[in-house]
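Chemist: Encoded as structure tokens, here's the structure I'll be asking about.
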Amino acid sequence: MADDATNEAGPDLTQGVAVETIADGQMLAGHVGDQAVLLARRGDEYFAVDAECTHYHAPLAQGLMVGDTVRCPWHHACFSLRTGEALRAPALSPLACWATAVREGKVAVLQRNESPAPVTPTARARASTGGGAPKRIVIVGGGAAGFAAAERLRRLGYAGELTMLSDDAAPPVDRPNLSKDYLAGSAPEEWVPLRGDDYYAEQHIDLRLRTHASRIDVPAREVVLDSGTRLAYDRLLLATGAEPVRLSLPGMEASQVPQVPHVHTLRTLADCRAIIAGAASARRAVVIGASFIGLEVAASLRTRGVEVHVVAPEARPMERVLGPQLGDFVRRLHEEHGVVFHLGKTARAIGEREVTLDDGSTLAAELVVVGVGVRPRLELAGQAGLAVERGVVVDEQLRTSAPGIYAAGDIARWPDAASGAAIRVEHWVVAQRQGQVAAANMLGRAETFDAAPFFWSQHYDVPINVVGHAESWDEIVVEGDIAARDCAVRYKRAGRVLAVATIYRDVESLRAEVEIERGRAAR
């Protein structure tokens with residue numbers, strides 16, 4: 001994340017630039033006064049919008065223009081160049097638009113267009129889909145998919161009752177930050193909430209925290225809470241997410257956790273705060289698991305000056321997802337920052353001051369973080385009789401097997417057009433985008449979820465972006481130099497590119513995303 005800053009780089013666009021300096025399909029970064037502005041051309045049309053992504057403020061000029069949209073180079077958000085609308089998560093807020101004019105062979109940026117007036121409940125009612133619009137929508141889950149759905153419902157003009165149930169104590173947060181910048185101490189807590197506390201009241205979203213849905217009465221179209229309260233729905237979105245896997249070993253049983261309060265998993269803001277508090281006094285930490293979460297935690301704790309040991313059963317960290325080449329790179333990167341790996345080993349017990357490994361050796365530990373994966377929370381869907389097969393089965397519009405019920409995020413198993421298989425992934429951006437599509441479809445829009453899966457992982461100053469989905473492959477093609485942190489790694493099966501991982505090749509990652517979505521990944 002970066003702070004907002006004025007940027008006078010590039011030409012003064014109020015003075016105009018020669019039209020031949022911007023080719024069709026190209027973008028130019030400039031400024032209007034002290035405001036950074038992006039100028040883009042499509043045919044004989046010129047568009048001007050704010051130059052920074054509204055997610056983490058990436059420079060959009062370094063991204064990719066696709067038709068009349070621009071995709072962010074860092075985390076693949078997508079914006080309309082015509083309206084500034086945030087079309088795809090992780091960005092949720094729009095860009096400001098500027099008027100342009102072509103005069104005497106130059107295109108100039110004029111005044112900033114007025115922002116649309118806030119949508120009032122009355123205006124929402126007029127904008128709703130008419131008599132067929134659902135009167136009551138209930139969202140179960142306060143994570144990425146649930147929040148993105150609620151936000152888009154209101155942005156689309158939905159005026160009906162909207163209830164979001166979350167068993168978390170905190171309003172929806174930017175969960176990637178919990179293992180990255182916020183945990184490392186380089187981002188303040190005010191960056192963590194997805195929206196301020198007043199947002200939910202202003203948007204008439206009935207956010208109920210610390211609230212657990214115990215079952216769904218499908219025939220009655222009601223969600224039953226632990227308290228016995230029944231909430232009627234016309235449309236229901238299940239976005240129950242996933243929960244951390246707990247190890248079945250001494251020190252992690254629920255009955256023992258109060259006796260070993262230095263043992264943590266990481267999923268919620270409360271979890272992250274607890275780890276930060278523990279890191280303040282800990283000299284040595286053991287991270288169990290060499291997953292993305294585990295190694296991001298390791299990097300964040302090293303940034304805080306804590307000695308870190310990583311215990312994992314595999315021979316290479318993240319080899320199953322990234323392959324041996326990137327796995328070796330990630331290990332070396334962490335070792336350069338002082339992380340000590342204990343690979344090919346598992347934890348046998350966790351004590352008050354040590355972790356015992358399966359070979360009988362012990363590691364001193366004042367702080368233990370367990371990051372061995374998550375499991376989807378499928379109980380509610382299973383109880384309701386929905387089709388469940390390694391996830392909640394949904395169609396391309398994210399509809400479940402029960403009328404009026406949709407599923408999105410970590411629990412959803414959907415038909416992936418790119419691979420031709422049904423897949424389920426646990427990526428933040430995928431969950432957000434599915435929530436957005438489900439929101440539109442609950443209003444009758446019949447949108448298809450066809451976005452290529454995308455996630456990013458941050459290790460110190462090295463970002464790894466992955467687009468596509470490859471559960472297995474028969475060939476890995478490395479382009480560039482992994483050690484030099486300049487590469488694209490393509491994962492292929494039967495000659496077809498299923499996924500692409502990149503380091504500091506942002507435009508190449510975006511192009512791979514477009515190719516995968518268009519079904520023409522290179523062979």
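Here is a yes/no grid of residues against (1) at pLDDT 95 or above; (2) touching an Asp or Glu at 6+ places or on another chain (Cβ under 8 Å); (3) not in a strand (DSSP E or B):
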| site | (1), (2), (3) |
| --- | --- |
| ARG413 | yes, yes, no |
| ALA431 | yes, yes, yes |
| VAL437 | yes, yes, yes |
| ALA440 | yes, yes, yes |
| PHE449 | yes, yes, yes |
| VAL466 | yes, no, no |
| GLU471 | no, no, yes |
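Chemist: Okay, next question. Would you be able to tell me the number of residues in the range 316-339 that are in contact with a Phe, Trp or Tyr (Cβ under 9 Å, 6 or more places away or on another chain), part of a loop (DSSP other than H, G, I, E, B) and closer than 24 Å to ASP271 by Cα? Please lay out each step first, then the result.
Modeler: Step one: filter the range 316-339 for residues in contact with a Phe, Trp or Tyr (Cβ under 9 Å, 6 or more places away or on another chain), giving 317-318, 321-323, 331, 333-337.
Of the ones still in play, those that are also part of a loop (DSSP other than H, G, I, E, B) are 317-318, 337.
After this cut, where a residue has to be closer than 24 Å to ASP271 by Cα as well, the list is 317-318.
Of the residues in the range 316-339, 2 are in contact with a Phe, Trp or Tyr (Cβ under 9 Å, 6 or more places away or on another chain), part of a loop (DSSP other than H, G, I, E, B) and closer than 24 Å to ASP271 by Cα.
Chemist: Within the bounds of the range 158-166, is there any residue that is at pLDDT below 95 and within 25 Å of ALA86 (Cα to Cα)? Working first, answer last.
Modeler: Applying the first criterion (at pLDDT below 95) to the range 158-166 yields none.
Scanning the range 158-166 turns up no residue that is at pLDDT below 95 and within 25 Å of ALA86 (Cα to Cα).
Chemist: Quickly run through the range 279-290 and pick out the residues that are open to solvent by less than 40 Å² (accessible area, probe 1.4 Å) and part of a strand (DSSP E or B). Working first, answer last.
Modeler: Taking the range 279-290 and keeping what is open to solvent by less than 40 Å² (accessible area, probe 1.4 Å), we get 279, 282, 285-290.
Once the filter is applied, which keeps residues that are open to solvent by less than 40 Å² (accessible area, probe 1.4 Å) and part of a strand (DSSP E or B), the range 279-290 yields ALA285, VAL286, VAL287, ILE288.
Chemist: Here's a follow-up. Would you call ALA347 small (Gly, Ala, Ser) and crowded, with 21+ Cβ neighbours inside 10 Å? Give the derivation first.
Modeler: Details: small (Gly, Ala, Ser): yes; crowded, with 21+ Cβ neighbours inside 10 Å: yes.
Yes, satisfied.
Chemist: When you scan the range 173-183, do you find a residue that is open to solvent by less than 60 Å² (accessible area, probe 1.4 Å), farther than 15 Å from THR268 by Cβ and not basic (Lys, Arg), even just one?
Modeler: Yes, some residue in the range 173-183 is open to solvent by less than 60 Å² (accessible area, probe 1.4 Å), farther than 15 Å from THR268 by Cβ and not basic (Lys, Arg).
Chemist: Filter the range 430-443 down to residues that are touching a residue at least 60 places away in the same chain (Cβ under 8 Å) and surrounded by fewer than 24 Cβ atoms within 10 Å (Cβ to Cβ) and give me whichever is nearest to the chain's Cα centre (by Cα). It would help to see each step written out before you state the result.
Modeler: In the first step, residues of the range 430-443 are kept if they are touching a residue at least 60 places away in the same chain (Cβ under 8 Å); the result is 431-436, 438-440, 442-443.
Adding the requirement that they be surrounded by fewer than 24 Cβ atoms within 10 Å (Cβ to Cβ) leaves 440, 443.
Values: ALA440: 19, LEU443: 24 Å.
Filtering first and then ranking leaves ALA440.
Chemist: Right, another one. Restricting attention to the range 208-217, which residues are open to solvent by 40 Å² or more (accessible area, probe 1.4 Å) and at negative phi?
Modeler: Once the filter is applied, which keeps residues that are open to solvent by 40 Å² or more (accessible area, probe 1.4 Å) and at negative phi, the range 208-217 yields ARG208, LEU209, HIS212, SER214, ARG215.
Chemist: Give me the residue from the range 291-315 that is in contact (Cβ under 8 Å) with a residue 40 or more places away in the chain and in a loop (DSSP other than H, G, I, E, B) and, out of that set, least open to solvent (accessible area, probe 1.4 Å).
Modeler: Of everything passing the filter in the range 291-315, VAL306 is least open to solvent (accessible area, probe 1.4 Å).
Chemist: So which residues in the range 400-428 are open to solvent by 50 Å² or more (accessible area, probe 1.4 Å), over 18 Å from GLU517 (Cα atoms) and out of contact with any helix residue (DSSP H, G or I) (no Cβ under 7 Å at 6 or more places or on another chain), if there are any at all?
Modeler: Passing the criteria: SER401, PRO403.
Chemist: Now for a separate question. For SER401, are the conditions met, namely being closer than 19 Å to VAL321 by Cα and of a type in the set (Ser, Thr, Tyr)? Let's see the steps before the verdict.
Modeler: Numbers: closer than 19 Å to VAL321 by Cα: no; of a type in the set (Ser, Thr, Tyr): yes.
Taking the combined requirement at face value, the residue does not satisfy it.
Chemist: Still on this structure: Pull up the range 444-469, narrow it to residues that are of a type in the set (A, V, I, L, M, F, W, C) and open to solvent by less than 20 Å² (accessible area, probe 1.4 Å), then point me to the one that is farthest from the chain's Cα centre (by Cα). Before the answer, list the steps.
Modeler: The first filter runs over the range 444-469 and keeps only residues of a type in the set (A, V, I, L, M, F, W, C), leaving 446, 449, 451-452, 454-456, 462, 464, 466-467.
Checking which are open to solvent by less than 20 Å² (accessible area, probe 1.4 Å) leaves us with 449, 451-452, 454, 462, 464, 466-467.
Details: PHE449: 16, ALA451: 13, ALA452: 13, PHE454: 8, VAL462: 18, ILE464: 14, VAL466: 12, VAL467: 12 Å.
So the residue we want is VAL462.
One line per residue, one yes/no per condition, for (1) open to solvent by less than 60 Å² (accessible area, probe 1.4 Å); (2) in a strand (DSSP E or B):
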| residue | (1), (2) |
| --- | --- |
| HIS342 | yes, yes |
| GLU352 | no, no |
| VAL369 | yes, yes |
| VAL372 | yes, no |
| ARG375 | no, yes |
| LEU380 | yes, no |
| ASP395 | yes, no |
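Chemist: Name the residue that is nearest to ALA438 (Cα to Cα), counting only residues in the range 77-92 that are over 15 Å from the mean Cα position of the chain (by Cα) and open to solvent by 10 Å² or more (accessible area, probe 1.4 Å).
Modeler: Per the criteria, the residue is GLU85.
Chemist: Among the numbered conditions (1) over 20 Å from GLU426 (Cβ atoms); (2) open to solvent by 10 Å² or more (accessible area, probe 1.4 Å), tell me where THR268 comes up short.
Modeler: (1)
Chemist: I would also like to ask the following. In the range 189-216, which residue that is under 20 Å from the mean Cα position of the chain (by Cα) and not acidic (Asp, Glu) is farthest from ALA381 (Cα to Cα)?
Modeler: At the first step, the residues of the range 189-216 found to be under 20 Å from the mean Cα position of the chain (by Cα) are 189-196.
Now restrict to residues that are not acidic (Asp, Glu): 191-196.
On the way: TRP191: 33, VAL192: 29, PRO193: 28, LEU194: 26, ARG195: 28, GLY196: 31 Å.
This residue is TRP191.
Chemist: On to the next question. Name every residue in the range 495-506 that is open to solvent by 40 Å² or more (accessible area, probe 1.4 Å) and in contact with a Lys or Arg (Cβ under 9 Å, 6 or more places away or on another chain), in order of residue number.
Modeler: ARG496, TYR504, listed by residue number.
Chemist: Can you tell which of GLY305, GLY228, GLY241, GLY294 is small (Gly, Ala, Ser), under 24 Å from the mean Cα position of the chain (by Cα) and on the phi > 0 side of the Ramachandran plot?
Modeler: Numbers: GLY305 fails: under 24 Å from the mean Cα position of the chain (by Cα); GLY228 fails: under 24 Å from the mean Cα position of the chain (by Cα); GLY294 fails: on the phi > 0 side of the Ramachandran plot.
None of the others qualify; the one that does is GLY241.
Chemist: Being at pLDDT below 95 and surrounded by 15 or more Cβ atoms within 10 Å (Cβ to Cβ) is the requirement here; does ASN7 meet it? Quick ask: steps written out before the conclusion?
Modeler: On the way: at pLDDT below 95: yes; surrounded by 15 or more Cβ atoms within 10 Å (Cβ to Cβ): yes.
So ASN7 fits the description; yes.
Chemist: Also: So the check is Cβ under 8 Å with 6+ separation or different chains; which pairs have a first residue in the range 236-259 that's open to solvent by 60 Å² or more (accessible area, probe 1.4 Å) and a second one that's of a type in the set (Ser, Thr, Tyr) and modelled with pLDDT of 65 or more?
Modeler: These pairs meet every condition: ARG246/THR265.
The values are calculated or read from the model by the stated rules, or taken from the named source; none is laboratory data. What you are looking at is a predicted structure, and each value in this text was computed from that prediction instead of being measured. In this analysis, Cβ positions are derived from the backbone assuming ideal geometry, glycine residues included, and neighbour counts consider all displayed protein chains. Ligands, DNA and RNA are excluded from the accessible area calculation, which covers all protein heavy atoms including side chains. Shrake-Rupley method; radii C 1.70, N 1.55, O 1.52, S 1.80 Å.
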